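A.B. asks: Handing you this structure, nothing more for now.
The values are calculated or read from the model by the stated rules, or taken from the named source; none is laboratory data. Being a predicted model, the structure only gives us computed values, none of them experimental. We place every Cβ from the backbone using ideal geometry, glycine too, and count neighbours over all the protein chains shown.
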Amino acid sequence: MNDSTGPAAAVIDAIRTRRVVRAMTSEPVDPLQVEAVLDSARYAPHAGNRRLHRYVAITRPALLRAVRMVSPGMLQRPTAAIVVCVDWARVKSYGFPPANPGPYIDVGTAAATMLLTAHSIGLGAGPVTSFSRAAVATLLNLAEGLRPEMIICLGHPAPQQPPPVRRGSTPAWADLVQWEQD
């Protein structure tokens, strides 16, 4: 596990160097890059491979501004965004109870995969969960049963980034891990 070269090292390096980008330039994101980020979501783990999510890509500046207006958590000004939605009608058709955490876990795995993909192709990205779901659904004209759960902001990182958000002291990594006991 000490290989410092090759594909494994590249993946570990991407994981270690990816950051939430909170300042982006006004340069548009190439549609092929948005497509690459979208395409990566299909490789993320999905419970039972059921594909309970839908994705909406936004690149129109006016729509991005409107979404930003109802998203207090969207500190950056992205030039593209991907809205990850859960298809709750499909969730129900599989017989999942409403409180089942599976669809939310799958939102997380898709988001992590898209964030790493964006980083690997030179884009800045950041997840947003603080937004009006009803307003975003209306702005995107989503079908009944589709609910937006996360927005992945995409853009070109600005040269200067705000300092990382720090909330209190950060515990040492070893304090966050527990090994099983005999």
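A.B. asks: Would segment 139-155 turn up any residue that is farther than 15 Å from V84 by Cα and modelled with pLDDT of 95 or more?
C.D. replies: yes
A.B. asks: Look at G102 and say whether it is at positive phi, of a type outside the set (A, V, I, L, M) and at pLDDT below 95.
C.D. replies: Considered against the rule, which asks whether it is at positive phi, of a type outside the set (A, V, I, L, M) and at pLDDT below 95, G102 comes out as no.
A.B. asks: Quick test of your reading of the structure: A57 fulfils all but one of (1) among the small types (G, A, S); (2) at pLDDT 95 or above; (3) in a helix (DSSP H, G or I). Name the failing condition by number.
C.D. replies: Here A57 meets the rest and fails (3).
A.B. asks: I'd like to verify a number: residues in segment 71-87 that are crowded, with 16+ Cβ neighbours inside 10 Å and assigned to a loop (DSSP other than H, G, I, E, B), how many?
C.D. replies: Within segment 71-87, the subset crowded, with 16+ Cβ neighbours inside 10 Å is 71, 74-87.
From the residues that got through so far, the ones that are assigned to a loop (DSSP other than H, G, I, E, B) too are 71, 74-79.
Qualifying residue count for the region: 7.
A.B. asks: So which residues in segment 41-68 are surrounded by fewer than 18 Cβ atoms within 10 Å (Cβ to Cβ), of a type outside the set (D, E, K, R) and in contact with a Cys (Cβ under 8 Å, 6 or more places away or on another chain), if there are any at all?
C.D. replies: Step one: list which residues in segment 41-68 are surrounded by fewer than 18 Cβ atoms within 10 Å (Cβ to Cβ), which gives 42-43, 45, 47-51, 54-55, 57, 59-63, 65-66.
If we keep only those that are of a type outside the set (D, E, K, R) too, we end up with 43, 45, 47-49, 55, 57, 59, 61-63, 66.
Once the filter is applied, which keeps residues that are surrounded by fewer than 18 Cβ atoms within 10 Å (Cβ to Cβ), of a type outside the set (D, E, K, R) and in contact with a Cys (Cβ under 8 Å, 6 or more places away or on another chain), segment 41-68 yields only Y55.
A.B. asks: On the given criteria, is R90 outside any strand (DSSP E or B), farther than 19 Å from E35 by Cα and touching a strand residue (DSSP E or B) at 6+ places or on another chain (Cβ under 8 Å)?
C.D. replies: On the way: outside any strand (DSSP E or B): yes; farther than 19 Å from E35 by Cα: yes; touching a strand residue (DSSP E or B) at 6+ places or on another chain (Cβ under 8 Å): no.
Criteria not met by R90.
A.B. asks: Another one. Being farther than 16 Å from L115 by Cα, in contact with a Gly (Cβ under 7 Å, 6 or more places away or on another chain) and surrounded by fewer than 14 Cβ atoms within 10 Å (Cβ to Cβ) narrows it down to one of T5, T25, so name that one.
C.D. replies: Numbers: T5 fails: in contact with a Gly (Cβ under 7 Å, 6 or more places away or on another chain).
Being farther than 16 Å from L115 by Cα, in contact with a Gly (Cβ under 7 Å, 6 or more places away or on another chain) and surrounded by fewer than 14 Cβ atoms within 10 Å (Cβ to Cβ) holds for just one of T5, T25, which is T25.
A.B. asks: Determine which single condition Q178 fails, assuming it passes every other condition in (1) modelled with pLDDT of 90 or more; (2) not in a strand (DSSP E or B).
C.D. replies: Failing condition for Q178: (1).
A.B. asks: Checking L146 against (1) surrounded by fewer than 17 Cβ atoms within 10 Å (Cβ to Cβ); (2) within 22 Å of P45 (Cβ to Cβ), which single condition isn't satisfied?
C.D. replies: (1)
A.B. asks: Cβ-Cβ under 6 Å, sequence separation 6+ or interchain: first residue in segment 89-112 and under 23 Å from Y43 (Cβ atoms) and of a type in the set (K, R), partner surrounded by fewer than 13 Cβ atoms within 10 Å (Cβ to Cβ) and modelled with pLDDT of 90 or more. Which pairs?
C.D. replies: Listed by first residue and then by second, the contacts come to nothing, as the list is empty.
A.B. asks: Right, here's the next one. Might you let me know whether segment 57-67 holds any residue that is in contact (Cβ under 8 Å) with a residue 24 or more places away in the chain, within 15 Å of the chain's Cα centre (by Cα) and at negative phi? Walk me through how you get there before you give the answer.
C.D. replies: Keep residues of segment 57-67 that are in contact (Cβ under 8 Å) with a residue 24 or more places away in the chain, which gives 57-59, 63, 66-67.
Then keep just the ones that are within 15 Å of the chain's Cα centre (by Cα); that gives 57-58.
Okay, now just the ones that are also at negative phi, so 57-58.
Yes, some residue in segment 57-67 is in contact (Cβ under 8 Å) with a residue 24 or more places away in the chain, within 15 Å of the chain's Cα centre (by Cα) and at negative phi.
A.B. asks: Looking for whichever is under 16 Å from the mean Cα position of the chain (by Cα) and over 18 Å from T129 (Cβ atoms) here; the options are A41, A36, A8. Which one fits? So that I can check it myself, show each step before the final result.
C.D. replies: Working: A41 fails: over 18 Å from T129 (Cβ atoms); A8 fails: under 16 Å from the mean Cα position of the chain (by Cα).
A36 is the lone residue from the list that is under 16 Å from the mean Cα position of the chain (by Cα) and over 18 Å from T129 (Cβ atoms).
A.B. asks: Taking segment 113-132, which residues are in a helix (DSSP H, G or I) and within 19 Å of M74 (Cβ to Cβ)? Step through it out loud before you land on a result.
C.D. replies: Looking only at segment 113-132, we keep the residues that are in a helix (DSSP H, G or I), and these are 113-120.
Matches in segment 113-132: M114, L115, A118, H119.
A.B. asks: Select from segment 95-128 the residues that are buried (at least 19 other Cβ atoms within 10 Å of the Cβ) and of a type in the set (V, I, T) and write down the one among them that is farthest from V70 (Cα to Cα).
C.D. replies: Going through the qualifying residues, I end up with T117.
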